Amino acid sequence: MQVWLNGRLVDEAAAMVSVYDRGFLFGDGIYELIRFVGCAPGSASRRFGIAMDLHVARLARSLKLARIEGFDANELPRICSTLLDANGLDDAAVYLQITRGAGPSRAHIPQGPLVPTVFAAATVCEPLERFREPAVVNAVTLEDQRWKLCQIKTISLMGNILALLEADGRGATEAILHRDGWVGEGAYTNVLAAFGHTLVTPPVDDDPPILHGVTRADAIRLATGVGLKVEVRPMRLDELRTADEILITSSRRFVSAIGNLDGSLVGEGTAGPAARSLFRALRDECLHRAGFRVDRTAPQPA
């Protein structure tokens, strides 16, 4: 497998970075992950990155807030295309990581202007035409003990990892994080709750802010088309527990349903009408853009 490292393609076995790289020493870096979809035979394009413009914007935001200089976020599409071409991949995800770079020694304050380390790797994803139903997962709720700058997509994910380890020990695959009883986000997803035909999701720029989820933004945009009203507002944990459905969004899985929260069923413990409708809308939009035939008879929320 070929990876991208500092401006060129390298065999993954030969890819190396300095032991003084600040990403390795301090977790001083940011990342982005983009889901790509292979297009139908005869289409003008071979593949496309879902919501690439939003990913570029989020990468630029993370770079600015992290004060990492020397990389242009607009390079993201070119790097992804080069990497996927080199590996012959279409249905794939590209992980891009940018650290502040390597200094002459370990020092908390960067020693002089540094050249950022840019790394990207691709992994195979299931083709969308075989991607038919939202996943149903279990989740737990935990107090959010991470730092407050959650709008930076940082590689410093120890807080998220600890939350996921706690969730795993309790038979769950996601942790919904809250601060003083106010719902924020999942350890690796954004959170939405369905109350009848209304979706509620916490604001991204509240205090503290949460990650500007790309799939969350697309779900909000498409919600009215499947009969759902959206309210972007603060939500208490107690209110979340009364939801008819709890949904989580991510680039890899679009929309998943929480079937069990803290040991209690959510609804009937399956993907409800809001989760199914939003999943279908996101998937069908991608299939249409990829040149595949789309069944427009998707069910509306009951």
For the subset of region 105-135 comprising residues that are touching a strand residue (DSSP E or B) at 6+ places or on another chain (Cβ under 9 Å) and polar (S, T, N, Q), which member is farthest from Arg280 (Cα to Cα)?
Thr117
Just name the residue that is farthest from Gly101 (Cα to Cα) out of those in region 52-67 that are of a type in the set (A, V, I, L, M, F, W, C) and in contact with a strand residue (DSSP E or B) (Cβ under 8 Å, 6 or more places away or on another chain).
Met52
Does Pro134 fit the bill of being modelled with pLDDT of 95 or more and closer than 20 Å to Ala60 by Cα?
no
Given the condition touching a Cys at 6+ places or on another chain (Cβ under 7 Å) and in contact (Cβ under 8 Å) with a residue 12 or more places away in the chain, answer yes or no: does some residue in region 63-78 qualify?
no
Name the strands (runs of 3 or more DSSP E) wholly within region 185-302 that hold at least 3 residues that are surrounded by 15 or more Cβ atoms within 10 Å (Cβ to Cβ), of a type in the set (Asp, Glu) and under 21 Å from the mean Cα position of the chain (by Cα)?
none
Which of the numbered conditions does Leu9 fail, given that it passes all the others? Conditions: (1) of a type outside the set (Val, Ile, Thr); (2) assigned to a strand (DSSP E or B); (3) under 27 Å from Leu222 (Cβ atoms).
(3)
Look at Arg170 and say whether it is surrounded by fewer than 20 Cβ atoms within 10 Å (Cβ to Cβ) and touching an Asp or Glu at 6+ places or on another chain (Cβ under 6 Å).
no
Among the residues that make up region 125-142, is at least one of them at positive phi and crowded, with 18+ Cβ neighbours inside 10 Å?
no
Quick one: in region 60-107, which of the residues that are charged (D, E, K, R) and assigned to a helix (DSSP H, G or I) is nearest to Cys39 (Cα to Cα)?
Asp85
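The values are calculated or read from the model by the stated rules, or taken from the named source; none is laboratory data. All values derive from a computational prediction rather than experimental measurement. Quick reminder, even Gly has a Cβ in these numbers, built from the backbone with ideal geometry, and neighbours come from all protein chains shown.
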